[in-house]
Amino acid sequence: MSDAEDSAHSETPIAALTPRKAKAEHKLLAAEVQAANDAYFQDDQPIMDDAAYDAKRRRLVALEEAFPALKQESDVSAKVGAKPSGKFAKIRHRVPMLSLDNAFSDEAVGEFVGRVYRFLGRKEEDGIAFTAEPKIDGLSLSLRYEKGELVAAATRGDGEEGEDVTLNARTISEIPGTLAGPDVPDIAEVRGEVYLGHADFAGINERQREKGLPEFANPRNAAAGSLRQLDVSVTAARPLRFFAYAWGEMPVLPAPTQFGVVEAFRRWGFRTNPLMKRCESVAELIAQYRLIESQRATLGYDIDGVVYKVDDLALQARLGFVSRAPRWAIAHKFPAELATTVLEAIDIQVGRTGALSPVARLKPVTVGGVVVTNATLHNEDYIRGFDSKGLPIRDGTDIRIGDTVTVKRAGDVIPRVEAVDLAKRPADSKPYEFPTLCPACGSHATRELNPRTGKEDAIRRCTGGLICPAQAVERLKHFVSRDALDIDGLGDKQIEFFHSDPELPVREPADIFTLAARDAANLKKLKDKEGFGAVSAKKLFDAIEDRRTPPLNRFIFGLGIRHIGETTARLLARHYGSFEALRAAGIAAADEASPERQELDAIDSVGPTVVEALIEFFGEPHNEELLDRLLAQVSPQPLEAVASASPVAGKIVVFTGALERMTRDEAKAMAERLGAKVAGSVSSKTNLLVAGPGAGSKLKDAAKHGVEVIDEAGWFDLVGG
Ligand code: IVH
């Protein structure tokens, strides 16, 4: 559709359109704008001039304004301008950019502080200082300075690898190009939050409106869209701001405390948040939270909570991390926001594991500055108002189409339907009947019985397995998604296209890697198909080629095995080193008495649900065949053996008896950091028993199995400090 004549953009006045006509025009127009976006942002090959593009976008937005339901049809208008290009170079973070655990109540803050004390083996009277500071609702950025000069800026990305936005960052006046001061280290990675103030956000949206362009939903989206622009002049024109609050690689620190380092940031030329305070007790932390919360409305920028951090950096180092979040920090989130609207319809979506998820289609409503049109209804029981044990949810009130409902939105979480106003229930409404057939393939959808608890699973699942197109498509989308194989140019839309394309069908992951060869053998080429061109077809094939050697953790995650998220995938990748090893273990572990099963059970943070999911996945012949075909195409690369240099890497260690220099939790965390596996009991597989005073039966077990025994001092000698 490169031609103006082909345009779906009709000249009928919008007021004269019927909803059906509007829908048809909207669909075509959205496809055109999407194609123009892809051509412009991904291929750098515009297929229409600016005026034509602007006219189409204006019409698209006008249609959506007149027919709000159309906004759900496509998110093209919303995405425009914020489009991640896929074209930024990647930067690997030398120190991962982590996220934070959340606390939603004062009690949870008390528990967090308690955990810190326990982990460090400290008593209340010893005292530990914390900092409290606003949690800025923007996007995090890592700035690398060498000899005081800004050399690189990277977004968080997946925490391991972000996008190179150095040129964009240089246009932000609050990001110093050069750091000033006698104590600026040679290497300093300063991290913080890029955000937009409320007034600037309103100004940007006003200009969008004037130009007939879509508005941004909130300041954070606008900040992200403004920073991640290939055209740096767009970033430069947006008044982005920056608060510094953390750091990555910094071999020489300017102070021994969190507070001190942030003070140094200020001396070096950064803005730091004036509401950061050092606190000595839970009561003081909560008081600072209340103070910040009371100023929230007048700060002039969005915050979504308060972050508490252990102030002493030596203690932070001892506390370390749990999967993706530090043990020494927590985000105390502000309560969720609520709004009331009408539930217009319930749609059932089929996920990649076959789960049928009910989605509420709502009369659009603004919740905390964001227009919400969809919300989750979780599952059948949630709608019915009783869980599988017969216990009431919402006092047993069911949810019906036509109901006036309260919608709750908390931070990043998907909005959910929270309550029903029975006084407003239409007299003729009927209880919602949850489908028992899969809407995508018509197979029976059933609720499994959990063999361990004997309870019915809350989720109804399609039994169609691989024959269900929704599952196949969702699995493929997941396989190529950003946190999995991350194939540029192969997004949801393209997966849907290939899945149903007669010439180049993609039905399973292996098919992706044979696309180029199959296209070469075909008469009708991809480059001649609508939506593709020579440039984008070649780019797609190149991007696929580039992913034949994916990192093992991403590959495992991409398989979409139930209960295996990113963190568990990483853990398994580190533990097993190669896909072959994991696969062999997954197969052998079906035998409960096997050593492979014992090993799997002993991996810290891998619970029985994960173990069962792995066994089930590798035990399914369909999956075996699918994997064989896939592994004929790709070779997953082992994760960098982070801890392979350590003397205990790969060893199975057991701690017993009293430890003096560290708590048991700390010992375990340290061993794991060094690549060891910590087990709870001694077996023939154990390599090392670290025994303190008072050790009992484990010493005898060690003698029986010929396991090496050392004491705590021996442990520190071994691991070096
Ligand atoms: S500290 C290792 N401090 O929150 C912990 N994060 O949910 C590093 N954020 O990705 C983060 N304000 O983008 C920290 N004052 C603050 C923050 C803050 C906002 C963001 C940051 C991070 C996310 C985690």
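The values are calculated or read from the model by the stated rules, or taken from the named source; none is laboratory data. Every value quoted in this text rests on a predicted model; they were computed, and no experiment measured them. Cβ placement follows ideal geometry from the backbone for every residue including glycine, while neighbour counts extend to all protein chains displayed.
Tabulated values for the structure
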read-out: Single residue of ALA329, ALA423, ALA419 found to be within 16 Å of the ligand (Cβ to nearest atom) and among the small types (Gly, Ala, Ser); value: ALA329
read-out: Selection count where residues are touching a residue at least 60 places away in the same chain (Cβ under 8 Å) and more than 16 Å from the ligand (Cβ to nearest atom), scope the stretch 189-207; value: 2
read-out: Contacts under 8 angstrom Cβ, first residue in the stretch 646-663 being under 16 Å from GLU599 (Cβ atoms) and without any contact (Cβ under 8 Å) to a residue 60 or more places away in the chain, partner among the polar types (S, T, N, Q) and surrounded by fewer than 17 Cβ atoms within 10 Å (Cβ to Cβ), 6 or more apart; value: GLY650/SER644; LYS651/ASN687; ILE652/ASN687; VAL653/ASN687; VAL654/SER681
read-out: The stretch 588-605 - residue that is hydrophobic (A, V, I, L, M, F, W, C) and out of contact with any helix residue (DSSP H, G or I) (no Cβ under 8 Å at 6 or more places or on another chain) and, of those, surrounded by the most Cβ atoms within 10 Å (Cβ to Cβ); value: ALA602
read-out: Tally, over the stretch 104-116, of residues that are under 25 Å from the mean Cα position of the chain (by Cα) and within 16 Å of the ligand (Cβ to nearest atom); value: 4
read-out: Residue match in the stretch 459-480 (condition: aromatic (Phe, Trp, Tyr) and surrounded by fewer than 20 Cβ atoms within 10 Å (Cβ to Cβ)); value: no
read-out: ASP101 vs. criteria more than 16 Å from the ligand (Cβ to nearest atom), closer than 30 Å to GLY300 by Cα, acidic (Asp, Glu) and surrounded by 15 or more Cβ atoms within 10 Å (Cβ to Cβ); value: no
read-out: Answer from GLU174, GLU206, GLU193 - the residue that is of a type in the set (Asp, Glu) and buried (at least 21 other Cβ atoms within 10 Å of the Cβ); value: GLU193
read-out: Filter result for GLY560 (in contact with a Lys or Arg (Cβ under 6 Å, 6 or more places away or on another chain) and surrounded by 20 or more Cβ atoms within 10 Å (Cβ to Cβ)); value: yes
read-out: Residues of the stretch 121-141 classified as in a strand (DSSP E or B) and near the ligand (Cβ under 10 Å from one of its atoms), total; value: 9
read-out: Residue pairs meeting the criteria (Cβ under 6 Å; at least 6 apart or on separate chains; first in contact (Cβ under 8 Å) with a residue 60 or more places away in the chain, in the stretch 397-409; second basic (Lys, Arg)); value: ASP403/ARG425; THR404/LYS424; LYS408/ARG416
read-out: Residue count for the stretch 65-83, restricted to those that are surrounded by fewer than 16 Cβ atoms within 10 Å (Cβ to Cβ) and at pLDDT below 65; value: 2
read-out: Selection status of LEU179, away from the ligand (no atom under 16 Å from the Cβ), of a type in the set (A, V, I, L, M, F, W, C) and farther than 22 Å from ASN218 by Cα; value: yes
